[in-house]
1. What are the ³J(HN,Hα) values, in whole Hz, obtained from phi via the Karplus relation 6.51 cos²θ - 1.76 cosθ + 1.60 with θ = phi - 60°, for each residue of segment 244-254 in sequence order, with x given for Gly and Pro?
2. Among 285, 111, 12, which one shows the biggest mean-square fluctuation in a GNM of the chain, springs joining Cα atoms closer than 10 Å?
3. What is the percent carbon and sulfur in the accessible area of segment 144-239, measuring with a 1.4 Å probe over the protein chains and ignoring ligands?
4. Kindly flag which residue pairs out of 54/271; 234/271; 54/234 have an alpha-carbon separation exceeding 28 Å in this structure.
5. Rounded to the nearest whole Å², what accessible area per residue is found for segment 122-270 with the 1.4 Å probe?
6. For a quick check, take a GNM of the chain with Cα springs below 10 Å and name the residue from 86, 41, 151 with the largest mean-square fluctuation.
7. May I ask you to derive the relative contact order of segment 1-130, considering only C-alpha pairs under 8 Å and at least 6 residues apart, and to give it as an integer percent?
8. List, in order, the whole-Hz ³J(HN,Hα) value for each residue of segment 87-97 obtained from phi through the Karplus relation with A = 6.51, B = -1.76, C = 1.60 and θ = phi - 60°; use x for Gly and Pro.
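The values are calculated or read from the model by the stated rules, or taken from the named source; none is laboratory data. Being a predicted model, the structure only gives us computed values, none of them experimental. A quick note on method: Cβ atoms are made from the backbone with ideal geometry, for glycine too, and the neighbour counts reach across all protein chains shown. Ligands, DNA and RNA are excluded from the accessible area calculation, which covers all protein heavy atoms including side chains. Shrake-Rupley method; radii C 1.70, N 1.55, O 1.52, S 1.80 Å.
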Amino acid sequence: MSVAVGLQVVQSLVVLLLAPLYAGVLARAEAVVASRRGPGVLQPYRDLAKWLRKGSAVSDQASWVFRGAPFVAFACFLTVSVIVPVLTSAPLPLAFLADLIGGAFVLTLASFVMSLAALDTASPQGGLGASRASWVGSLTEPALILVFFTVGAVSASDNPYLMNHAIAHSPYVLVLPTHLLGMVAFFLLVLVENGRIPIESPAVSTEISMIEEGRALEYSGRAYALVKWGSWMKLFLFSSIFMNVFVLPWGLGASNSWGGALLAIPVLLGKLALCGLAIVVIDSSFAKLRFFRIAEFLGAAFLLALVGITTSYVIGA
């Protein structure tokens with residue numbers, strides 16, 4: 001039991017410490033593809049160190065909601081890190097706190113408090129970002145839940161660890177139409193939830209076109225560090241779920257073995273490299289959609305997941 005508890009802590013630390021590195025590698029790769037020098041892969045760590053040394057400037061209109069939102073959102077992302085398979089295939093002690101749908105609700109709570117904080121300052125840009133993020137979220141959540149149903153249909157479970165175990169021990173599931181459609185739909189949602197092309201450009205500097213970043217414009221210093229760190233953790237977690245549950249469910253350690261879990265760290269980095277490569281290719285190959293065409297993109301994800309579930313009943317798998 002003590003080994004499992006230790007691995008639970010290590011798994012959360014891996015998400016906490018490696019999330020900025022993953023974001024830095026993606027930014028560097030996108031710069032290289034665009035024939036730019038770009039920032040170094042360790043730049044997110046330097047940014048965090050800089051922001052954490054600074055104080056926060058708070059609007060006179062802000063209340064405790066604005067001040068507390070970064071901590072709540074950061075705690076939500078850290079909570080999700082204990083219920084999804086990142087290093088081990090066997091459930092860790094806190095794995096049964098919630099299933100994937102429960103994890104989606106936790107992520108929704110993080111988005112909700114950040115939207116409240118953006119509205120709390122009475123900033124026009126914050127309100128615009130909160131409005132847009134809420135609209136996108138209202139279309140994303142139904143599709144995300146349907147995607148989890150597609151995996152549950154082929155694995156007979158809604159717990160991510162049990163989903164991983166069922167798919168890893170039945171490789172034929174990976175080629176079932178239900179799983180393939182759910183996998184594609186989930187990847188589309190990974191792009192949406194993390195503000196990537198074609199929904200939003202991660203390197204955007206025009207305030208009027210911001211969605212996710214628009215909600216954080218009023219933050220600075222330590223509070224902004226928590227907001228950015230949380231967004232990097234979110235990207236890391238979504239990519240880990242995509243690779244460990246949908247694409248390559250192998251290579252994870254056991255919950256009672258330090259060796260297997262530690263060996264799973266470089267394996268996880270290799271999987272994230274593949275996922276990151278796909279994200280970089282899309283970021284470099286497509287243009288950002290106009291705002292009102294985002295609904296079509298999310299509708300495609302919803303329909304793929306819906307057809308996947310329907311297919312599971314048709315073929316009986």
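1. For segment 244-254, the Karplus curve yields 7, 10, 9, 9, 10, x, 9, x, 8, x, 8 Hz.
2. 285
3. 64
4. Values: 54/271 35 Å; 234/271 16 Å; 54/234 24 Å.
Among 54/271; 234/271; 54/234, the Cα-Cα distance tops 28 Å for 54/271.
5. Working: 5290 Å² over 149 residues.
Per residue, segment 122-270 has an accessible area of 35 Å².
6. Highest fluctuation of the listed residues: 41.
7. Numbers: 116 pairs, mean separation 35.2, N = 130.
Reported relative contact order: 27 percent.
8. Values, residue by residue: 10, 10, 8, 8, x, 8, x, 9, 5, 9, 5 Hz.
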